[in-house]
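Participant: Sending over a structure as structure tokens; questions will come in a sec.
The values are calculated or read from the model by the stated rules, or taken from the named source; none is laboratory data. Just so it is clear, the structure is predicted and the values come from calculations on it, not from any experiment. Here the Cβ positions follow ideal geometry from the backbone for every residue, glycine too, while neighbour counts run over all protein chains shown. Calculation scope for accessible area: heavy atoms of the full protein, side chains included, ligands and nucleic acids excluded. Shrake-Rupley method; radii C 1.70, N 1.55, O 1.52, S 1.80 Å.
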Amino acid sequence: MNANSERYVVGVDFGTLSGRAVVVRVSDGAELGAAVHEYAHGVIEDALPGSGVRLGPDWALQSPQDWVDVLRHAVPKALAAAQVPAAQVVGIGTDFTACTILPAAADGTPLSETLPDRPHAWPKLWKHHAAQRHADRINELAAERGESWLARYGGKISSEWAFAKGLQVLEEDPEVYERADRWIEAADWIIWQLCGVETRNVCTAGYKAIYQDGGYPSDDFLAALNPAFAGFTGKLGRELAPLGGLAGRLTAQAAEWTGLPEGVAVAVGNVDAHVTLAAADAVRPGQMVAIMGTSTCHVMNSDHLAEVPGMCGVVRDGIVPGLWGYEAGQSAVGDIFAWFVESSVPASYAERAAELGLGLHEYLTQLAEAQPVGGHGLVALDWQGGNRSVLVDHNLSGVIVGQTLATRPEDVYRALIEATAFGARLIVETFEKAGVPVEEFVVAGGLLKNAFLMQVYSDVLRRPLSVIGSDQGPALGSAIHAAVAAGEYPGISEAAAAMGKREAAVYAPDPERADAYDRLYAEYRRLHDHFADGEVLHRLRAIRNGATA
């Protein structure tokens with residue numbers, strides 16, 4: 001094909017700390033240029049920008065301006081790096097962390113712009129966990145009333161999701177709630193900014209806003225939580241847009257931001273984890289994709305409906321039209337390793353790592369890798385960020401058992417890596433016990449760079465690991481959706497086959513290590529089940545919150 005007749009698409013991935021854009025060739029998925037833009041405000045956890053208003057425990061907010069800045073900076077830089085004529089770009093697709101959600105006026109203006117000193121006016125990031133008590137009430141009432149939708153979420157909805165966060169706003173700042181004409185996922189809000197059309201994608205509506213069988217929870221149910229909550233679904237929007245669909249065309253304003261031609265196709269919004277399946281060409285039933293970074297999302301398709309305890313949700317057409325999309329996850333994975341390194345590793349380790357020309361994570365990994373399985377005498381629970389699956393309780397906290405005066409940082413580091421692998425194994429086993437077989441385990445995300453960690457997962461799971469063939473999985477996945485929205489492929493499956501990339505069975509389990517990990521996993525399960533009721537961990541959290549109030 002003549003280079004002048006090639007067509008290209010842009011994928012933009014809005015992450016936790018930054019946004020990245022990639023320019024992709026439609027014909028084969030080749031990634032020709034990429035750029036990253038760091039959010040100026042990052043994650044807002046302690047105090048609001050400007051006013052300095054303090055936030056409470058477990059808050060996590062973001063700034064909409066940071067998202068727009070990604071369009072203004074990362075997209076033009078990626079286009080320049082690709083050396084692709086803008087006139088040959090036919091579409092743009094985006095993905096977001098979820099549930100990252102914001103209150104907005106009817107015209108889409110974020111309330112954080114008009115009420116900058118009000119915490120509840122700001123977007124709540126996915127890892128905002130301060131709505132746990134609101135989620136508890138939703139779950140208790142739904143179980144009491146026998147709400148049919150509850151089983152689709154493994155028996156519990158999460159404090160991270162739209163209804164718990166919305167109820168928190170209503171009860172803690174009723175004025176902000178009243179002024180919020182829209183309660184909208186960032187995944188849909190950014191599409192509104194790109195094409196001037198308000199849409200609601202089927203993915204976030206299903207997984208994060210309890211949309212099942214053609215509707216949201218009833219006003220009667222919501223009124224039983226709080227009479228003023230009865231009209232909440234009116235803020236969510238009713239018409240859902242299909243994944244891979246055309247949301248609209250790039251506006252003149254957005255064309256100025258991005259450097260792309262006005263009028264190019266804008267794909268319906270989506271979630272970072274879910275678009276990654278297309279990037280890995282892993283959209284067929286039985287292919288579980290684990291997107292491993294600060295947290296891990298476990299996402300897969302199936303051709304049948306089952307109720308999996310503790311899953312984040314099962315949604316018809318939620319990943320690929322025509323299939324049931326399942327999601328589970330771990331609230332913290334890379335975040336756990338980062339927390340430990342930042343809080344608990346002595347300066348002498350950093351000095352030694354520098355002498356060897358290594359980063360601290362690399363140095364600890366080398367030390368940990370030299371140990372035999374079980375040599376540290378530890379077992380840990382991977383709950384430093386709460387538990388998403390299978391317990392769905394973000395008020396749980398991490399546990400490390402077996403420490404002695406001889407325990408070293410590398411011992412704990414390895415135990416934490418193993419704990420996240422044990423958590424992943426429990427998720428896989430729970431799916432298979434519920435009748436949803438996992439036939440291939442595919443890994444994507446930043447933690448792929450740690451080969452030792454990947455080998456631990458293969459040994460613990462007792463199965464080969466396939467890996468995505470891209471460093472920009474979500475952005476590539478969004479670009480694939482853009483190609484579908486632009487009419488370049490008839491559907492997501494066809495586009496993924498042409499543009500996605502996956503290497504099969506890159507890591508294989510070692511039988512001896514796998515046997516040793518079976519023994520450690522049994523101890524993990526005992527510890528998991530002992531603390532699963534949360535009694536001790538909840539009391540400790542309450543004592544902490546009371547002491548810091």
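Participant: Which of the following residues is more than 27 Å from the chain's Cα centre (by Cα), over 19 Å from Asp58 (Cα atoms) and assigned to a helix (DSSP H, G or I): Ala78, Ala87?
Facilitator: Just a single option satisfies the conditions, and that option is Ala87.
Participant: Could I ask something else about it? Looking only at the stretch 519-549, count how many residues are outside any loop (DSSP other than H, G, I, E, B) and under 17 Å from Gly398 (Cβ atoms).
Facilitator: Residues meeting the conditions: 21.
Participant: Could you list, in sequence order, the residues of the stretch 531-548 that are more than 16 Å from Trp383 (Cα to Cα) and either open to solvent by less than 90 Å² (accessible area, probe 1.4 Å) or not β-branched (Val, Ile, Thr) (or both)?
Facilitator: Selection gives Ala542, Arg544, Asn545, Gly546, Ala547.
Participant: Restricting attention to the stretch 199-223, which residues are in contact (Cβ under 8 Å) with a residue 40 or more places away in the chain and surrounded by fewer than 17 Cβ atoms within 10 Å (Cβ to Cβ)?
Facilitator: Answer for the stretch 199-223, where residues must be in contact (Cβ under 8 Å) with a residue 40 or more places away in the chain and surrounded by fewer than 17 Cβ atoms within 10 Å (Cβ to Cβ): just Asp213.
Participant: Find all pairs meeting these conditions: Cβ atoms under 7 angstrom apart; at least six residues apart or on different chains; first residue within the stretch 93-109 and free of Cβ contacts under 8 Å to residues at least 12 places away in the same chain; second residue open to solvent by 10 Å² or more (accessible area, probe 1.4 Å).
Facilitator: From residues that are free of Cβ contacts under 8 Å to residues at least 12 places away in the same chain, there are no pairs.
Participant: Tell me which residues, restricted to the stretch 239-256, are assigned to a strand (DSSP E or B), touching a Ser or Thr at 6+ places or on another chain (Cβ under 8 Å) and in contact (Cβ under 8 Å) with a residue 60 or more places away in the chain.
Facilitator: Selection gives Ala247 alone.
Participant: Being charged (D, E, K, R) and buried (at least 19 other Cβ atoms within 10 Å of the Cβ) is the filter here; which residues of the stretch 392-417 pass it?
Facilitator: Asp393, Glu410, Asp411, Arg414
Participant: Identify the single condition in (1) more than 17 Å from the chain's Cα centre (by Cα); (2) within 26 Å of Cys312 (Cα to Cα) that Leu250 does not satisfy, given that it satisfies every other one.
Facilitator: (2)
Participant: Residue check: is Thr276 assigned to a loop (DSSP other than H, G, I, E, B) and closer than 19 Å to Val12 by Cα?
Facilitator: When the stated conditions are applied, Thr276 does not pass them.
Participant: Is at least one residue of the stretch 142-153 open to solvent by 10 Å² or more (accessible area, probe 1.4 Å), of a type in the set (Phe, Trp, Tyr) and part of a helix (DSSP H, G or I)?
Facilitator: Scanning the stretch 142-153 turns up at least one residue that is open to solvent by 10 Å² or more (accessible area, probe 1.4 Å), of a type in the set (Phe, Trp, Tyr) and part of a helix (DSSP H, G or I).
Participant: Also, I was wondering about something else. Applying the selection to the stretch 175-198, what residues are open to solvent by 20 Å² or more (accessible area, probe 1.4 Å), closer than 27 Å to Leu71 by Cα and among the acidic types (Asp, Glu)?
Facilitator: Asp181, Glu198
Participant: Looking at the stretch 180-191, can you tell me whether even one residue there is without any contact (Cβ under 8 Å) to a residue 60 or more places away in the chain, outside any helix (DSSP H, G or I) and either aromatic (Phe, Trp, Tyr) or farther than 22 Å from Gly477 by Cβ (or both)?
Facilitator: no
Participant: So, one more: Please find, among Pro321, Pro309, the residue that is under 18 Å from Val428 (Cβ atoms), open to solvent by 20 Å² or more (accessible area, probe 1.4 Å) and not in a strand (DSSP E or B).
Facilitator: None of the others qualify; the one that does is Pro309.
Participant: Collect the residues in the stretch 279-298 that are under 15 Å from the mean Cα position of the chain (by Cα) and either under 21 Å from Leu125 (Cα atoms) or not in a strand (DSSP E or B) (or both), keeping them in residue-number order.
Facilitator: The answer is Ala290, Ile291, Met292, Gly293, Thr294, Ser295, Thr296, Cys297, His298.
Participant: Still on this structure: If a residue must be of a type in the set (Val, Ile, Thr) and within 14 Å of Val506 (Cβ to Cβ), how many such residues does the stretch 430-455 contain?
Facilitator: The number of residues fulfilling the criteria is 2.
Participant: Where residues in the stretch 18-46 are within 20 Å of Val90 (Cβ to Cβ) and surrounded by fewer than 19 Cβ atoms within 10 Å (Cβ to Cβ), which of them is farthest from the chain's Cα centre (by Cα)?
Facilitator: So, considering only residues that are within 20 Å of Val90 (Cβ to Cβ) and surrounded by fewer than 19 Cβ atoms within 10 Å (Cβ to Cβ), the one farthest from the chain's Cα centre (by Cα) is Ser27.
Participant: Out of (1) at pLDDT below 95; (2) touching a strand residue (DSSP E or B) at 6+ places or on another chain (Cβ under 9 Å); (3) acidic (Asp, Glu), what's the single condition that is false for Glu185?
Facilitator: The one condition Glu185 does not meet is (1).
Participant: Check Leu405 against each of (1) in contact with a Lys or Arg (Cβ under 9 Å, 6 or more places away or on another chain); (2) over 22 Å from Ala514 (Cβ atoms) and name the one condition it does not meet.
Facilitator: Just one mismatch for Leu405, condition (1).
Participant: Is one or more of the residues making up the stretch 433-454 open to solvent by less than 10 Å² (accessible area, probe 1.4 Å), in a helix (DSSP H, G or I) and either over 30 Å from Asn270 (Cβ atoms) or among the β-branched types (Val, Ile, Thr) (or both)?
Facilitator: no
Participant: Taking only the stretch 242-264 into account, find how many residues are buried (at least 22 other Cβ atoms within 10 Å of the Cβ) and among the hydrophobic types (A, V, I, L, M, F, W, C).
Facilitator: Counting residues in the stretch 242-264 that are buried (at least 22 other Cβ atoms within 10 Å of the Cβ) and among the hydrophobic types (A, V, I, L, M, F, W, C) gives 6.
Participant: Does the stretch 62-74 include one or more residues that are over 30 Å from Arg502 (Cβ atoms), in a loop (DSSP other than H, G, I, E, B) and not acidic (Asp, Glu)?
Facilitator: yes
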